[in-house]
Structure formats: C-alpha cells, structure tokens
C-alpha cells in the first residue's frame, strides 16, 4: 500500500473525528449555555454554574470513554478468538505429516481457518453444534 493510499484511507477517519469533535463541542456549548441561563434565572452563584458545567463535561467524557473502551475490548476479544482458532488449525497442519490420513486432517484444519475468518471476523460466532468446519469423511483432495 502506497503512502497516498494510506492517506486516502485515513482522511475519512480524520474528517469523522473532526466532525465528532465539533458536534461534541456544540453539545457541550448548548449544555453550558443552558446551565448559565438556569443559574442566572434561579440566582445561583458562579461556582455552582461552573460545578454543573464541569459535571456535564465529565459525564460526556465518561460516556464516550466507556463506549471507546467497550469497542476496544470487543476488538481484542475477536483477535483473541481468531488467534485461538488459527493457531489450533496450524498446529494440526504442522503435525499432519505424522498421521496416515493427513489430507483429510489438513482439509479439516483449512476449513476451520476459513470458518474462523468468515464467522468470527464477521461477528456471527456460531454455537458448537453449528460449527461444521470438518470435511465429510468420504472426500479427499
């Protein structure tokens, strides 16, 4: 991938991040303006106004960070699951030379890797009964 292709892929992410920052800034501005108006209406001191403004910014930051943290945890779980399936299948392939029906074993391992790429990466993890990565016993290459 060239530098220009990399920049082309990053540009939408920067644009999206910039738009998100502007939207978050506008939302915080509206909340702070609302709090300022309510403070003036009810005669609250400036310190209470600042405290409420800080609480709103803190809450919004907390919610965004929690969402980001959950996203990263989900991504790491997918990576861990892919690592598990691919390593197990590669181990089977590595030791298949010591088994008399090695072609079928290798086919099963390749099918398992294909299943992991298709199902795990797409987020549609099947239950144990639905996992059918093994090749029917009568078929060989």
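The values are calculated or read from the model by the stated rules, or taken from the named source; none is laboratory data. If you're wondering where the values come from, they're calculated on a predicted model, not measured in any experiment. Neighbour counts are summed over all protein chains in view; Cβ atoms, including those assigned to glycine, are modelled from backbone coordinates with ideal geometry.
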Notebook entry, point to check: In the range 118-141, which residues are at pLDDT 50 or above, in contact with a helix residue (DSSP H, G or I) (Cβ under 8 Å, 6 or more places away or on another chain), farther than 13 Å from residue 88 by Cβ and surrounded by 12 or more Cβ atoms within 10 Å (Cβ to Cβ)?
Noted result: 121, 125
Next item on the list: Output the qualifying pairs, or none if there are none: Cβ atoms under 7 angstrom, residues six or more apart or on different chains, first residue in the range 80-100 and more than 13 Å from residue 111 (Cβ to Cβ), second residue part of a helix (DSSP H, G or I).
Entry: 81/120; 82/116; 82/120; 82/121; 96/102; 96/105; 96/106; 99/105
Check: Within the range 38-50, can one find any residue that is assigned to a helix (DSSP H, G or I), in contact with a helix residue (DSSP H, G or I) (Cβ under 6 Å, 6 or more places away or on another chain), at pLDDT below 90 and under 24 Å from residue 21 (Cα atoms)?
Finding: yes
Check: From the list 68, 10, 16, which one is part of a helix (DSSP H, G or I) and modelled with pLDDT of 85 or more?
Finding: 68
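Within the range 22-47, which residues are surrounded by 14 or more Cβ atoms within 10 Å (Cβ to Cβ) and touching a residue at least 12 places away in the same chain (Cβ under 8 Å)? Write out each step before concluding.
Pass one, the range 22-47, residues surrounded by 14 or more Cβ atoms within 10 Å (Cβ to Cβ): 24, 28, 31-32, 35-36, 39, 44.
Residues satisfying the conditions are 24, 28, 31, 32, 35, 36, 39.
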